[in-house]
Amino acid sequence: MPLFKDILNRRDFIDWLGGAGFFVSAWIIGKPLLKFLFPPSNVMEIGGSKIAVAKLDDIPEGRSKTVLYKNVPVLVINTRAGMAAISGVCTHLGCYLVWDYLKQQVACPCHLASFNTKGEVLSGPPPAPLSRYNVEVVNGKIYLTGFL
Amino acid sequence: MRGLGIKALIILILILAIKTGSASAGIYSCTICHSNINSQYSKSVHSEIGTTCTECHGGDPSDLTFSAMSRAKGYKGKISRASIPLLCAKCHSDVKMMLQYREYVDEYAIYRDSEHGKKLRQGDYKVAVCTDCHNTHDIKKASDPNSPAYKLNVPKTCARCHSDKKYMEQYKIPTNQFEKYKESVHGRHVLEQGDMRAPACPDCHGTHGATPPGVKDIHNVCGRCHSVQRENLLRSPHFEAMKNKKIKECAVCHGSHGVQEATIALFTSEKAENGGKGCLGCHKASSVEYGVALELVKTIKEADDAVNIATRLTQKAREKGFDTDEEMNKINIAKTILLEIGPVTHSLSPDIVKENAENVIINAVDVQDMVKAKLVEWRDRRVTLVINILVFLIVIVLLAVKRRRMMKNGSKDMDKQ
Amino acid sequence: MKKILKKLVDVEWKELLKTGLEKRFNFSFEAQGARIRKFLITPVAEQFSWLNFFGIVICLLFVILLITGLSLALYYKPIADDAHLSIKYIMNSIPSGWLIRSIHHWASTLLFIFVFLHFWRIYFTGAYKYPRELLWFIGLANLALVFLFGFTGYLLPWSNNSYWSTQIMTSEIKDIPLIGDYIMLFIRGGEGVGSGTLTRFFVSHIVILPGLFLAITGIHIWMIFRQGLTKWKSVSPKNYRYSVSVMLLDINILIFVLFALLISLSVFIPAGLGDIADPLRMPAKIIPAWFMMPIYNLYKFFPREIFIFNRGTLFAMSSSVIILLLVLLPFLDRNEQYNPLKRSVIAVIGIAGLVLLLFLISYGTGR
């Protein structure tokens, strides 16, 4: 490592500056690339059609969460009998469904439709039941793996 | 010679009969002269099932002369308006006859008790009878889009009489219903968009039993579709008050025929453009009730603003090239809960409305946070870019300097070799 | 113990390594060093100008594409729906994922631009003439490979637009007479575009095409070294100082300029990703990749039928004629004239072709 006074003349200083510039440039280009190659540990995995959509801690018992699975809203419900996942879009006119915690039913705020956790229509105008998804809970994470 | 003339006439008529269409198999004398009516009739649903002229008009179709239309043969001629309902009911109230077509058989019974039916019995022949809405000879099923009784055509059919000022003068009821309905949210959906889900005249007034709903029944009529609003109205202080004071429930604020989309302005206005009244139309501005209205307005505005800010920020992030699917999902959830706020306000309870608004705001704020993080990253990216470009520029300048030096000195080495 | 340590410290490790390698591989560092130094001060041919850098930029861009592409391939999943989701994952969740992907996208766009520029430079300066006919063929092969790169790469994100534009372009291949059906089946890996197509395109894009490209470009560069640069203009050799080392410095500067350009483009216009591909929903506007627009638009301009020939046959016939003319160009244009200002016929055809190409790229926005 040359001492500063050794490179005080202009030509060597420019060379030293150029060298430093090269190192900085290598760092500028190399750091994002290196960061890219080491995936973060706290991110959800994508494995086949088995996609992690939520953590078990996010959904207490009796509650639900609307997640996006392959760009489609899905209602994931933590029922006493286990996890259920059904389509989050009402089959009547397409409104988003909500989980009625008090009645423990799926409800549509538009025209008072209600469904059970199996997606079957309990009352209201919907003409068809909701599609159901296969749910797996592994290591505290909730995975959806396609239709049931 | 007269006999010859008549024989010639019969042969001529026979030839014509074979050429013209018949209402049923075999020779049908009505259609020889009344061929224009026959061309209308052949398109009707009655002709499809094999009903013939005689079912309604009597007479003898096998008779090729004018005696086919004699009283002796049961000929009724043009049916008078007063007898039309009963004539139609001959078949349409006959259970055995109509069962095969899966048709209702209560139209006549209902019609008798309707305003139209009652007035007809009193001798008023200006009111509507079956043929006014269903046509006479070219009757089609009400589910056929070409029928005047088809849902999307009904408003115009009713308006034929009910918008005619001169015709309706003696009844002293308004004639502006169709005009108002055309501008209303229901009318626009039905007449302009062809939306079958929105109500036309019969959905609120009944079809054959056409009667304006009683004042205390309005919430049940509107509530058939607007069920959440109805549920909330039932537990609000408005319900009892309106029953006691005989106020027209839904119609007093939202109008009836001219109903528009309800906006937040209803709370703070006196008159609404839908023909109804706002809160200030009945309550004084200094009253406790108006204070409740202001509180509701504040809560709704908070929730609405939160969602609008979230939507705007998400749009900004999307324009910068970020993926915004998660945010859009949450915004849709927030909007879904916000959808309920309008119906829930009918309860007039600030607590219930606040609960709804809070759920909206939680989701909207989540979205705002997610997008703000993205926008911060956007700023970081640009800052890093500027720094990187500066470093690159310095290196390029240094390299250019070295290049100039090499070009000047290099020739010495090159000449040497 | 101390004795052994002293022995270890006293040894000259650098010298040991040097002589060790020299003995084992039968060469001398001194001699090789001298050769390299001699090479560095060799003057570059007089006619070397900024026009000659297009080819070099192509190589630089290809290296960048190779590195970014390899990094992306570590996360990409070449299976129908997962492909789209994995790219979303790269853009959103992986640090600098957006940057690597956007650099890959912009580098490929720049590659096409520079390939076009290089092609027109060769055409206008007559660098295809004797004795460089073979170079011309190899260059055309490279051009075809670059198109295939772009074509296969466009499907990989598995977005609705790329799915349907691939569907359209591959079904146009079916119209080629006789062999059209077989070619289409081979390309699609099945009757329609599906996961079979994706696998084929992926393997082509990261194994087959890079291998071919590297081999052919290697031959291309070796030939250039062998045959030298085309003397398309005369330069008076005055105080000539442009040596190889200066050229390397210029390339160095170019690398930095390229990187600056790429990362600026990536930050302000990141690579986009549309909706996931839905074989049941054809979008209203299908926009093929911009470099495919000339072929796509040209196909549309042909009439549906002339006599017994349908559109596909006509297109195949005319493109075969054009390709044949291009390939045989060195044999059709035999004179010794290189200066484009003095070769009016070639220049006119070239400019007309350029204008037509630009028009075809910008015309319309898909079906």
Open item on the list: Tell me the mean residue ellipticity at 222 nm calculated for chain C from its helices only (DSSP H runs of n ≥ 4, each -39500 (n - 2.57), averaged over every residue, nearest 500).
Closed with: -22000 deg cm²/dmol
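Can you tally the net charge around B:P199? Count Lys and Arg as +1, Asp and Glu as -1, for every other residue whose Cβ sits under 13 Å from the Cβ of B:P199. It would help to have the intermediate numbers written out before the result.
Working: positive: B:K151, B:R188, B:R197, B:R224; negative: B:D195, B:D203.
Overall, the nearby charge balance is +2.
Where in region B:73-180 are there trypsin sites (Lys or Arg not before Pro) that are in a DSSP coil and have at most 10 other Cβ atoms within 10 angstrom of their Cβ? Working shown, then result.
Numbers: sites: B:K73, B:K76, B:K78, B:R81, B:K90, B:K96, B:R102, B:R112, B:K118, B:K119, B:R121, B:K126, B:K140, B:K141, B:K151, B:K156, B:R160, B:K165, B:K166, B:K172, B:K180; in loops: B:K76, B:K78, B:R102, B:K126, B:K140, B:K141, B:K151, B:K172.
Here the trypsin sites (Lys or Arg not before Pro) that fit, given the DSSP loop and packing criteria, are B:K78, B:R102, B:K172.
Arrange B:H134, B:H219, B:H283 by Cβ neighbour counts within 10 Å, fewest through most, would you? Walk me through the numbers before you get to the answer.
Working: B:H134 19, B:H219 22, B:H283 16.
Ascending number of Cβ neighbours within 10 Å: B:H283, B:H134, B:H219.
What is the fewest-to-most order of B:L120, C:L329 by other Cβ atoms lying within 10 Å of their Cβ?
Values: B:L120 21, C:L329 18.
Sorted ascending by nearby Cβ count, the order is C:L329, B:L120.
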Task: Kirkwood Rh in Å, taken over all unlike Cα pairs in chain C - done: 24.0
Open item on the list: Please list, ordered by chain and number, the residues whose modelled amide H lies under 5 Å from the amide H of A:K141; skip anything fewer than 5 residues away on the same chain.
Closed with: A:L56
Open item on the list: From the helices alone, meaning DSSP H stretches of at least four residues, give me the mean residue ellipticity at 222 nm for chain B, per-run term -39500 (n - 2.57), in deg cm²/dmol to the nearest 500.
Closed with: -18000 deg cm²/dmol
TODO: Report the FRET efficiency, 1/(1 + (r/R0)^6), for B:R224 and B:D304, where r is their Cβ-Cβ distance and R0 is 25 Å, rounded to 0.05.
DONE: 0.35
Open item on the list: Give the average, rounded to an integer, of partner chain Cβ atoms located within 10 angstrom of each Cβ in A:72-82.
Closed with: 1
TODO: If a/c stays under 1.5 just call it rounded; otherwise compare a/b with b/c (prolate if a/b is bigger, oblate if not). Do that for chain B, with a ≥ b ≥ c from the square roots of the Cα gyration tensor eigenvalues.
DONE: oblate
- [ ] Would you please classify the overall shape of region C:230-367 from the alpha carbon gyration tensor, given that a ≥ b ≥ c denote the square roots of the eigenvalues, rounded means a/c under 1.5, and beyond that prolate means a/b larger than b/c while oblate covers the rest?
- [x] oblate
Task: FRET E, pair B:V376, C:V44, Förster distance 41 Å, beta-carbon r, rounded to 0.05 - done: 0.25
TODO: Please work out whether region B:81-211 counts as rounded, prolate or oblate from its C-alpha gyration tensor, where a ≥ b ≥ c are the square roots of the eigenvalues and a/c under 1.5 means rounded, while otherwise a/b larger than b/c means prolate and anything else oblate?
DONE: oblate
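Structure shown: which of B:K316/B:K374; A:K50/A:K141; B:K43/B:K90 lie over 20 Å apart, alpha-carbon to alpha-carbon?
Values: B:K316/B:K374 10 Å; A:K50/A:K141 11 Å; B:K43/B:K90 22 Å.
Checking Cα-Cα distances, B:K43/B:K90 exceed 20 Å.
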- [ ] Once you have the Kirkwood Rh of the protein assembly as shown from its Cα pairs, apply Stokes-Einstein at 10 °C and 1.306 mPa s and quote D in µm²/s.
- [x] 43
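If packing is taken as the mean number of other Cβ atoms within 10 Å per residue, what is the order of C:188-196, B:228-236, C:80-88, highest first? Before the final figure, lay out the partial values.
Details: C:188-196: 15.8, B:228-236: 18.2, C:80-88: 20.7.
So the order, starting with the most tightly packed, is C:80-88, B:228-236, C:188-196.
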Open item on the list: Between region C:125-182 and region B:79-156, what is the separation of their alpha carbon centroids in Å?
Closed with: 71
Open item on the list: How large is log10 of I(q)/I(0) for region B:303-417 at q = 0.12, 0.13, 0.19 Å⁻¹ when the intensity is taken from the Debye formula with one equal scatterer per alpha-carbon?
Closed with: -0.61, -0.66, -0.94
Task: Nearby aspartates and glutamates by direct alpha-carbon distance to A:K118 (threshold 20 angstrom, same-chain neighbours under 8 apart not counted) - done: A:E61, A:D100, A:E136
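Here, each number is a calculation from the coordinates, and none is a lab measurement. Because the structure is predicted, anything quoted here is derived from the model rather than measured. Note that we place each Cβ from the backbone using ideal geometry, even for glycine, and neighbour counts take in every protein chain shown.
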